[in-house]
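Structure, as structure tokens:
Any read-out appearing in this document is the output of simple, stated calculations on the displayed coordinates, not a laboratory observation. These figures come from a predicted structure and were not determined experimentally.
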Amino acid sequence: MRKPRDFDAELKALGDKARDLKSRKVQQLGELVMATGADALSADELAGALIVLAETKEAGKREAWARRGAAFFQSRTRRTAPTTDRHPDGPPAQPSGAQPASIRKGAT
């Protein structure tokens, strides 16, 4: 006869895993804000910029932002550590604090 499944324990384990993933997501978003230099913005400015980004439907603008973001991550990995020392599942590199003026001024 098969051993009965403990659904309560499985649900608790899934809940714990979901909580851990959500916590890691929040931490990584914070690290991203610092790495891009956006931590110099006020919370209102940052929220406003993110709202504009989320509301933008123009494919051209979104593609340009995506290319710029990809370039940011590629340049960060080249400057931070050799490939053998990086941990792909770990936190991103430490922030440099540098940010182009066009982003700080709200250019889209």
5 angstrom amide H check on residue 37, placed H, neighbours 5+ away: 97
Karplus-derived 3J(HN,Hα), 6.51/-1.76/1.60, for each residue of the stretch 14-30, Hz, glycine and proline x: 5, x, 5, 5, 4, 5, 5, 5, 5, 5, 5, 4, 4, 5, 5, 5, x
Under 27 Å from residue 61, Cα to Cα: lysines that are on another chain or at least 8 residues apart: 25, 105
